[in-house]
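The values are calculated or read from the model by the stated rules, or taken from the named source; none is laboratory data. Being a predicted model, the structure only gives us computed values, none of them experimental. In this analysis, Cβ positions are derived from the backbone assuming ideal geometry, glycine residues included, and neighbour counts consider all displayed protein chains.
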Amino acid sequence: MTTRLPRIAFVSAAALLCALALGACGGGAKQPTAHGDSEGAYVQAGPLIYQVQLSRELNPFDIEDHEYLQGLSAGATETAPDELLFGVWLRVQNATDQVHPAASEFAIVDTLGNRYDPIPLPASNPTAYTPRDVATDNGQPLSPNPESVAGSGPIQGSMLLFKLNTSVYSNRPLELEITPPEGGEPSTVDLDL
């Protein structure tokens, strides 16, 4: 009888540790919200889930960055001394059982309320974000398609391009606004800059 008690205590302790470990691994996963405090957060805008994969300043003279600007005229990539080009790469996921259109209205807003709209990228640019219907999780629930250039590249996202004033460095954090296609309040993500 006395040897049984330590065994029961050991089994109970082991079960408790396993439950705590499992809870720490997956049970604490965050649900999408309307505001992401950082890139990588899952943000719900309408029925779809958006994730900023990366954001950064672009240099049109850099070989990699030149590829992201493919199809734009030289004038579109020219910047004044107080301007910079800024890319935001997104993924869109549909976790519902219906097809939904992805957002087509975005803006970057600084702490002073200055708004910046994306520069349209040509459809021939394989990394450009293009609003499209995103299928259900039975079809192709991700945009960009993981088999595409944008989806299989190192960033695994489609790019929105912005021309920002260099004053944004003093007016951080920047927020990306994602307006749902059906309207309503935009969801936001704080961007790294």
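When segment 93-108 is examined, which residues are found to be closer than 23 Å to Asn165 by Cβ and buried (at least 19 other Cβ atoms within 10 Å of the Cβ)?
The answer is Phe106, Ile108.
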* Being in the same structural domain as Pro60 (by TED's automatic domain parsing), among the acidic types (Asp, Glu) and closer than 19 Å to Tyr42 by Cβ, is that true of even one residue in segment 138-158? -> no
* **Residue in segment 109-147 that is farthest from Glu64 (Cα to Cα), counting only those that are surrounded by 15 or more Cβ atoms within 10 Å (Cβ to Cβ) and of a type in the set (Ser, Thr, Tyr)** => Tyr116
* When segment 153-193 is examined, which residues are found to be part of a helix (DSSP H, G or I) and either buried (at least 17 other Cβ atoms within 10 Å of the Cβ) or at pLDDT below 90 (or both)? -> Val168
* Evaluate the following for Leu85: is it buried (at least 18 other Cβ atoms within 10 Å of the Cβ), assigned by TED's automatic domain parsing to the domain that holds Pro181 and either among the aromatic types (Phe, Trp, Tyr) or in a loop (DSSP other than H, G, I, E, B) (or both)? => no
* Asked: Pick from segment 73-82 the residues that are in contact with a strand residue (DSSP E or B) (Cβ under 8 Å, 6 or more places away or on another chain) and either free of Cβ contacts under 8 Å to residues at least 12 places away in the same chain or assigned to a loop (DSSP other than H, G, I, E, B) (or both): which of them is surrounded by the fewest Cβ atoms within 10 Å (Cβ to Cβ)?
  -> Asp82
* Set Asp133, Asp65: member being without any contact (Cβ under 8 Å) to a residue 24 or more places away in the chain and within 21 Å of Ala150 (Cβ to Cβ) -> Asp65
* Asked: When Ala150 is evaluated against the numbered criteria (1) in contact with a Ser or Thr (Cβ under 7 Å, 6 or more places away or on another chain); (2) surrounded by 13 or more Cβ atoms within 10 Å (Cβ to Cβ); (3) at pLDDT below 95; (4) assigned to a loop (DSSP other than H, G, I, E, B), which criterion, by number, is the only one it fails?
  -> (4)
* To do: Evaluate the following for Asp110: is it charged (D, E, K, R) and touching a residue at least 40 places away in the same chain (Cβ under 8 Å)?
  => yes
* To do: Within segment 178-185, identify whether any single residue is closer than 13 Å to Trp89 by Cβ, of a type outside the set (Val, Ile, Thr) and assigned by TED's automatic domain parsing to the domain that holds Ala107, and answer yes or no.
  => no
* Kindly indicate whether Thr111 is assigned to a loop (DSSP other than H, G, I, E, B), at pLDDT 95 or above and among the hydroxyl-bearing types (Ser, Thr, Tyr). => yes
